[in-house]
Amino acid sequence: MESYDIRRKEFEVNRKVIDSPVPLLVYDNGENVVVKQTKEPEEWKLMGKKSMELDFELVWHSCNPNCAFAYKPQSTDIGEIVVEYTCHQTKHEETKSSIQIVAEAPKFLPAPFDKKQSEMTRNLIVCLDPATDNNSDWRGLAEKMGMKFDKIRWIEEQSGSATELLLKLWMDEGRPLEELRSLLLEMNRDDAVSVIDKYQKGDKF
């Protein structure tokens, strides 16, 4: 099995691999591939699980297998994030490969939340976290944002609020609040739109 287009993907997410790319030996045995964080990055909090499994069939047939780990900075003056992972099949840990990734924080971190923005986020969580029958919850918003099924499924598997993580991903992409408001209007979520309007006007919640 070969890896390809690594450099292009690294450029897209503004990352680089410190070590030279190391091939992962995958056996045709039906075992999933485990990706696990092995070194906690300093001054960052992992938003979710430390390990994820990639479905064997997706990996073996090169059906765009991917996984993502989200981290929250614990201060506003962090220069970079350095994190290490291992990859191996479920029953072949002895053949694991190690990966170290470094990224410069200022290039992708949003401006830190102020108190008012945190209040807005909490109120949007109340609106969008509960599941609805008409797909007007956070899942519907994620689809409106253009997220693919595997990304939505990844968010579902994380601990904490799905809406909070979704909003963080939104801000990481540098997308404006007015665009978020428009998507919520299309979803007929007037309650969530009202939350954004109050934030923009500076009103109390």
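General remarks:
- ³J(HN,Hα) computed for each position of the stretch 145-154 - Karplus, 6.51 cos²θ - 1.76 cosθ + 1.60, integer Hz, glycine/proline x: 6, x, 6, 7, 4, 5, 5, 5, 5, 4
- Lys151-Lys201 FRET efficiency (beta carbon distance; Förster radius 35 Å; 0.05 resolution): 0.60
- In this structure, the amide hydrogen of His92, modeled 1.01 Å from its nitrogen in the peptide plane, lies closer than 5 angstrom to no residue at least 5 positions away or on a different chain.
- Where labels lie 7 Å past Cα in the beta-carbon direction, separation of Arg122 and Lys72 in nm: 1.3 nm
- Amide H contacts for Lys49 (H built 1.01 Å from N in the peptide plane; partners 5 or more residues away or on another chain; cut-off under 5 Å): Ser159.
- Pairs of Lys residues in the stretch 115-201 are counted when their Cα atoms are under 26 angstrom apart and they lie 8 or more places apart or on different chains; the count is 14.
- Taking amide H atoms as placed 1.01 Å from N in the peptide plane, the amide H of Thr38 lies under 5 Å from those of Glu84, Tyr85, Thr86, each 5 or more residues away in sequence or on another chain.
- Under the Debye formula (equal points on every Cα, no solvent term), log10 I(q)/I(0) of the stretch 115-201 at q = 0.11, 0.23 Å⁻¹: -0.26, -1.27
Computed from the coordinates by the stated procedures, all read-outs in this text should not be read as laboratory data. Because the structure is a prediction, the values reported are computed rather than measured. Using ideal geometry, Cβ is built from the backbone for each residue, glycine included, and neighbour counts are taken over all protein chains shown.
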